[in-house]
Amino acid sequence: MMNIKLVTKSLSKSKQQGVALITVMLIVALSSIIAAQMTTRLQTQMQRSTNISFNQQAYWYAMGAEAFSKRVLLKAFKDEPKVTHLEQIWAQEGTSYPVDFGEISGEISDLQSCLNLNALHPEADTKEQAGERESGNSNNSDGGSDSKSDDKEKSPAPKPKPKTKSDSKQQLPAATVLESLIVNLNIEGIGPFEAEAMVNALTDWLDSDDMITGNGGAEDSDYESREFPYLAANNYLASVNELRLIEHYTPKVILALSPYVCVLPNNSQHLININTLDAERPELLQALLDSSLDEAQDILSARDSSGYENLEDFYKLPELSKLQMEKWQQAQFVVDSQYFMLKASARFNNSYFAMRSIMKVNETEQIQVISRTIGRN
């Protein structure tokens, strides 16, 4: 009997020891898991902090490119304050500079060598107003215009005349130019009717009323009926990419238009610098002059590398003599520019940063950044 009790106690003690061993193993395993998770989280936090630091340094590199671009523009306009052309130092192709643990790249482009889509805004000058402005400028002794001069020296703009919805598009120079440009690009499946519809839709996107413009216009009701509804902006465009939201503008059309158009933030100005127009893309000048493609190419080929010192030299071109330019067409051109865009990118270790800055040369010839966009597009 005694032996049975001893065996029972021994077995009970063995079971208790086994349970204790299992408990210890579970605690050790749980501690190991917690320690591993803590280590992983710590490494993640350290990597995140490192990435933030690298991204911040890449950002400051890009801001350095912006500051450098200001100095480049200031130097160019200090030497030639009344003219902007492609021989100036800002007009170099994309340039890269090595820096510690990375690289900075940047390219400056003239935003007055492209068609400002915001010039279709109702606040833009009509053809009649542009013609009156050109008549006033023709009295200047130098025959040109100085957009960087003090606004106080300029004669006041004529008071806008009331426009009706039916004729507003025909009165805006940029609307006529954009319609011609779309046709000139020879996009497959796009003719004069489709081009007119695109211009009307863009006009409706920019204006503040809910009245449809002509054929192909689109207002809130058209966008509200889509699968994912939204409303028309009824304001200035913020980016060329915004065309993707507007009726009739397909990716094919936007891709074809992109090299020729741009957006000036909250600005309906329609002034094209004849000195900085791309000679390899004469379609825009063709639309501006309502000429043939060959005539536009001949005019751009006749331009010197340093451009024209004033508009009178441009108007005296023999290639222009056969074109009967109206006053509003002449008013489209200038020989200096106020708006520029910097495309900057920076790399620091494995971090990358891209930024687009729109800069304006104000009346005192100081550079003001009026818009920054983060990202490549």
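The values are calculated or read from the model by the stated rules, or taken from the named source; none is laboratory data. The shown structure was predicted, so the numbers you read here are calculated from the model rather than taken from an experiment. Neighbour counts run over all protein chains shown; Cβ positions are idealised from the backbone, glycine included.
Observations on the model:
- One residue alone among ALA62, ALA67, ALA119 is more than 30 Å from ARG303 (Cα to Cα) and either outside any helix (DSSP H, G or I) or touching a residue at least 60 places away in the same chain (Cβ under 8 Å) (or both), and that residue is ALA62.
- Filter pass, ILE89 being in contact with a helix residue (DSSP H, G or I) (Cβ under 8 Å, 6 or more places away or on another chain), surrounded by 14 or more Cβ atoms within 10 Å (Cβ to Cβ) and of a type in the set (Val, Ile, Thr): no
Residues are listed down the side, and each one gets a yes or a no for (1) closer than 30 Å to MET341 by Cα; (2) in contact with a Ser or Thr (Cβ under 8 Å, 6 or more places away or on another chain); (3) surrounded by 10 or more Cβ atoms within 10 Å (Cβ to Cβ); (4) not charged (D, E, K, R):
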site: ILE27; (1), (2), (3), (4): no, no, yes, yes
site: LEU30; (1), (2), (3), (4): no, no, yes, yes
site: ILE34; (1), (2), (3), (4): no, no, yes, yes
site: MET38; (1), (2), (3), (4): no, no, yes, yes
site: SER53; (1), (2), (3), (4): yes, no, yes, yes
site: GLN56; (1), (2), (3), (4): yes, no, yes, yes
site: TYR59; (1), (2), (3), (4): yes, no, yes, yes
site: ALA62; (1), (2), (3), (4): yes, yes, yes, yes
site: GLU66; (1), (2), (3), (4): yes, yes, yes, no
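- Residue within region 255-276 that is exposed (fewer than 15 other Cβ atoms within 10 Å of the Cβ), in a helix (DSSP H, G or I) and in contact with a helix residue (DSSP H, G or I) (Cβ under 8 Å, 6 or more places away or on another chain) present: no
- Residue under evaluation ILE104, criteria (1) in contact (Cβ under 8 Å) with a residue 40 or more places away in the chain; (2) over 24 Å from ASN310 (Cβ atoms); (3) part of a helix (DSSP H, G or I), criterion not met: (3)
- Odd one out for GLN112 among (1) buried (at least 23 other Cβ atoms within 10 Å of the Cβ); (2) part of a helix (DSSP H, G or I): (2)
- Residues of region 271-281 satisfying the condition of being of a type outside the set (A, V, I, L, M), modelled with pLDDT of 95 or more and over 20 Å from the mean Cα position of the chain (by Cα): ASN275
- Restricting LEU42, LEU73 to those that are buried (at least 16 other Cβ atoms within 10 Å of the Cβ) and either touching a Ser or Thr at 6+ places or on another chain (Cβ under 9 Å) or of a type in the set (A, V, I, L, M) (or both) reduces the list to LEU73.
Listed here are the residues, each with its yes/no results for (1) modelled with pLDDT under 80; (2) in contact with a strand residue (DSSP E or B) (Cβ under 7 Å, 6 or more places away or on another chain).
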{"position": "GLY18", "(1), (2)": "yes, no"}
{"position": "ILE22", "(1), (2)": "no, no"}
{"position": "LEU26", "(1), (2)": "no, no"}
{"position": "ALA29", "(1), (2)": "no, no"}
{"position": "SER32", "(1), (2)": "no, no"}
{"position": "THR40", "(1), (2)": "no, no"}
{"position": "ALA65", "(1), (2)": "no, yes"}
{"position": "LYS70", "(1), (2)": "no, yes"}
{"position": "LEU73", "(1), (2)": "no, yes"}
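- Scope region 282-294; condition under 21 Å from the mean Cα position of the chain (by Cα) and over 20 Å from THR84 (Cβ atoms); matching residues: GLU283
- Those residues of region 70-86 which are among the aliphatic types (A, V, I, L, M), touching a residue at least 60 places away in the same chain (Cβ under 8 Å) and touching a helix residue (DSSP H, G or I) at 6+ places or on another chain (Cβ under 8 Å), in sequence order: LEU73
- When region 340-376 is filtered for residues that are modelled with pLDDT under 90, among the charged types (D, E, K, R) and over 17 Å from the mean Cα position of the chain (by Cα), the ones remaining, listed by number, are GLU363, GLU365.
- Yes/no for GLY94 being at pLDDT 85 or above and either within 30 Å of LEU285 (Cβ to Cβ) or not assigned by TED's automatic domain parsing to the domain that holds LEU178 (or both): no
- Region 122-140 residues that are part of a loop (DSSP other than H, G, I, E, B) and at pLDDT 85 or above, paired with ones that are among the hydrophobic types (A, V, I, L, M, F, W, C) and buried (at least 18 other Cβ atoms within 10 Å of the Cβ) (beta carbon under 6 Å, 6 or more apart): ALA124/LEU172
- Search result, residues across region 321-358 that are part of a helix (DSSP H, G or I) and closer than 26 Å to ASN267 by Cβ: LYS327, TRP328, GLN329, GLN330
- Selection status of LYS360, exposed (fewer than 13 other Cβ atoms within 10 Å of the Cβ), among the charged types (D, E, K, R) and more than 30 Å from ALA195 (Cβ to Cβ): no
- Filter result for GLN297 (among the polar types (S, T, N, Q), under 28 Å from the mean Cα position of the chain (by Cα) and either over 20 Å from SER96 (Cα atoms) or surrounded by fewer than 19 Cβ atoms within 10 Å (Cβ to Cβ) (or both)): yes
- Counted residues, region 195-221 - those being of a type in the set (Asp, Glu) and buried (at least 16 other Cβ atoms within 10 Å of the Cβ): 4
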